[in-house]
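Peer 1: Got a structure for you, written out below as structure tokens; questions coming shortly.
The values are calculated or read from the model by the stated rules, or taken from the named source; none is laboratory data. Being a predicted model, the structure only gives us computed values, none of them experimental. Note that each Cβ is placed from the backbone with ideal geometry, even for glycine, and that neighbours are counted across all protein chains shown. All accessible areas refer to the heavy atoms of the entire protein, side chains included, with ligands and DNA or RNA removed. Shrake-Rupley method; radii C 1.70, N 1.55, O 1.52, S 1.80 Å.
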Amino acid sequence: MFDRVIVVDWSAANLPTSPTNRANAVWIGCHDAEGGAEWHHRTRAGAEAQLRTLIDTARAEGLRVLIGFDFAMGYPAGFAARLTGEGRAEAVWRWLDAAVTDIDNRNNRFEVATRINALFPEGPGPFWSHPSGQSWPGLPFRRTGIDYATLGLSETRAAEAAVPRAKSPWMLFNPGSVGSQSLLGLPMIHRLSQLPGVAVWPFAAPDAPVVLAEVYPSLLAGPVAILANGEGLTADQAQVRLLSRALYRLALADRLAPLFDAPPEAAEEGWILGAHHGVQLAEALAWA
């Protein structure tokens, strides 16, 4: 049971987003017994500051909170050990927290990806894609030429196999990609995980006062499109509103537990909360 559900639509924007065009901002949606609310932030630092405040407030009020983030919390099996010497996603978060710089959204994510790729001398490293017109030696522009089997890795996680529309975390740029959001979001996950009473599922049991998890708002793609078109919202705002509402209603009805089922691979790779439960999420939106 959770008293409050928060969903975060992250952003990999390179500059503070527009104060008027909010399509690429970070959006935070919240739902609890008092209803729902959404906020947007022009920078990732601003969003993280609000999340810390929301966590502190919930702890002070004795509320249990679920916070979902729309980026991969881990990488295919074997990557963590290759990068850090430890076969744990938490070690990757810690490594990225030390490597990534992100000030007013100006960040070094392509440099970090290039640095990681250099650790794979047997061929082009796992990360790929960057903006056209830029040159990043060691970071391929296209997926072509990367032999993941030779690297000892998979191109996707088990989570992407369960939700085929989800993109591989190795892809850093172009529509639908999530790789850059992960590189810039996982340092925050490391920092939030150090706060008292915070656990990150599925790497820890979801029984802490505050549980962080990976979500995939496109599980509600149909309802999101209807809401966004009908009310003139950005897709990001519609996503955090509807997914936080659906998850909260399932929690209130004591029907959220099945969404936390995950395969053994999730212990290292992470897992999408509700990966096989898109129908249940959509049905919850129809409840009175």
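Peer 1: I want to verify a result. In a Gaussian network model of the chain, Cα cutoff 10 Å, which of these has the top mean-square fluctuation: ALA204, ALA77, ALA275?
Peer 2: ALA204
Peer 1: Across region 29-42, in residue order, what do the Karplus-derived ³J(HN,Hα) couplings come to in whole Hz, using 6.51 cos²θ - 1.76 cosθ + 1.60 with θ = phi - 60° and x for Gly and Pro?
Peer 2: x, 9, 9, 8, 4, 8, x, x, 7, 9, 9, 10, 9, 7
Peer 1: Quickly estimate the mean residue ellipticity at 222 nm for the chain, helices only: each DSSP H run with n ≥ 4 gives -39500 (n - 2.57), and the total goes over all residues, rounded to 500.
Peer 2: -11000 deg cm²/dmol
Peer 1: Would you kindly derive the ³J(HN,Hα) couplings of region 221-236 from the backbone phi angles with the Karplus curve 6.51 cos²θ - 1.76 cosθ + 1.60 (θ = phi - 60°), listing them in order in whole Hz, with x for Gly and Pro?
Peer 2: Those phi angles translate into 4, x, x, 5, 4, 5, 5, 4, 6, x, 10, x, 8, 5, 4, 5 Hz.
Peer 1: Which cross-chain or sequence-distant (5 or more) residues have an amide H under 5 Å from the amide H of PHE69, H modelled 1.01 Å from N in plane?
Peer 2: VAL8, ALA213, GLU214, VAL215
Peer 1: Heavy atoms only, probe 1.4 Å: what % of the accessible area of region 21-95 goes to carbon and sulfur, would you let me know?
Peer 2: Looking at region 21-95 in its full context, I get 47 percent from C and S.
Peer 1: Tilt of helix 89-99 relative to the longest C-alpha principal axis of the chain, in degrees (0 to 90, nearest 10)?
Peer 2: That works out to roughly 70 degrees.
Peer 1: Name the shape class, rounded, prolate or oblate, that the alpha-carbon gyration tensor gives for region 213-263, where a ≥ b ≥ c are the square roots of its eigenvalues, rounded holds for a/c under 1.5, and otherwise prolate holds if a/b is larger than b/c and oblate otherwise.
Peer 2: prolate
Peer 1: Ignoring ligands, DNA and RNA, please state the percent of accessible area on region 181-232 from carbon and sulfur, probe 1.4 Å.
Peer 2: Carbon and sulfur atoms account for 55 percent of the accessible area of region 181-232.
Peer 1: Running a GNM on the chain with Cα contacts under 10 Å, which residue among GLY74, GLY85, GLY230 ends up with the highest mean-square fluctuation?
Peer 2: Sorting by GNM fluctuation, first place goes to GLY230.
Peer 1: Can you tell me the accessible area per residue over region 1-157, all protein chains present, probe 1.4 angstrom, in square angstrom?
Peer 2: Solvent-accessible surface per residue comes out at 44 Å².
Peer 1: Express the accessible area of region 211-263 per residue in Å², computed with a 1.4 Å probe while the remaining protein chains stay in the model.
Peer 2: That works out to 39 Å² for each residue.
Peer 1: What chymotrypsin sites (Phe, Trp or Tyr not before Pro) does region 213-288 have in DSSP loop regions with at most 16 other beta carbons within 10 Å?
Peer 2: Answer in residue order: TRP287.
Peer 1: Short version: ³J(HN,Hα) in whole Hz for each residue of region 155-168, in order, from phi by Karplus 6.51 cos²θ - 1.76 cosθ + 1.60 (θ = phi - 60°), x for Gly and Pro, what are they?
Peer 2: Per residue, the Karplus-derived 3J(HN,Hα) values read 6, 9, 8, 4, 5, 6, 5, 6, 10, x, 6, 6, 8, 5 Hz.
Peer 1: Relative contact order for the chain: what percent, with Cα pairs under 8 Å and sequence separation of 6 or more?
Peer 2: About 25 percent, as a whole number.
Peer 1: Counting only the heavy atoms of the protein chains, how much of ILE67 is accessible to a 1.4 Å probe, in Å² to the nearest 10?
Peer 2: Roll a 1.4 Å probe over it and ILE67 shows about 0 Å².
Peer 1: Between HIS276 and ALA23, what length in nm is gained on full extension when 0.36 nm per residue of separation is reduced by their alpha carbon distance?
Peer 2: 88.3 nm
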